[in-house]
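Reading through the structure tokens given below for one structure.
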Amino acid sequence: MAVVQLRHDTAGRAYFRRKLAAGKTPMEAMRALKRRLSVVYKQMVADAERLQTGPGGHAGATLQSSAADPIPIAGTSEKSLPGPAEPQPRTPLKINS
């Protein structure tokens with residue numbers, strides 16, 4: 001990512017040049033650019049997570065209350081199960097002598 005920043009006329013390239021002008025070696029300037037890019041990337045990720053939160057700033061929050069529905073609806077997991085299975089007659093084994 002840092003190398004691409006240097007190839008094009010970007011803010012990263014300007015940052016790299018400022019570090020060189022400040023007396024850093026090219027390797028030190030590259031290290032500083034990488035560090036700067038990691039800080040910027042972390043901030044971008046944090047901003048994206050903040051924007052994905054629901055109402056009230058909490059992820060997974062909804063605007064509807066689960067207690068607001070007066071008629072409860074039974075889902076498939078809440079229905080009673082059928083009784084025990086009826087025993088099936090077994091077929092006798094034929095024994096060959």
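Coordinate-derived values only; no laboratory data. As the structure is a computational prediction, the values presented were derived from the model and not from experiment. Ideal geometry is used to build each Cβ from the backbone, glycine not excepted, and the neighbour counts take in all protein chains shown.
Just rank ARG90, ARG31, fewest to most, by other beta-carbon atoms within 10 angstrom.
ARG90, ARG31
Going by C-beta contacts inside 10 Å, put LYS19, LYS94 in order with the fewest on the left.
Numbers: LYS19 19, LYS94 5.
Ranked by crowding around the Cβ, least crowded first: LYS94, LYS19.
Given Cα pairs under 8 Å that are at least 6 residues apart, what percent is the relative contact order of region 2-52?
On the way: 23 pairs, mean separation 14.6, N = 51.
RCO, region 2-52: 29 percent.
Only counting other Cβ atoms within 10 Å, I'd like GLU86, GLU28 sorted with the fewest neighbours first. Can you show the working numbers first?
On the way: GLU86 5, GLU28 13.
Ordered by Cβ neighbours within 10 Å, fewest first: GLU86, GLU28.
Taking the Cα centre of region 2-52 as the origin, how large is its charge dipole in debye, to the nearest 20, when only Lys and Arg (+1) and Asp and Glu (-1) carry charge on their Cβ atoms?
Numbers: 12 positive and 4 negative charges, 50 e Å.
Here the size comes out at about 240 debye.
Just check region 2-52 against the gyration tensor rule for me: Cα atoms, a ≥ b ≥ c as the square roots of the eigenvalues, rounded for a/c under 1.5, and otherwise prolate or oblate depending on whether a/b exceeds b/c.
Values: a/c = 3.15, a/b = 2.27, b/c = 1.39.
In terms of gyration-tensor shape, prolate.
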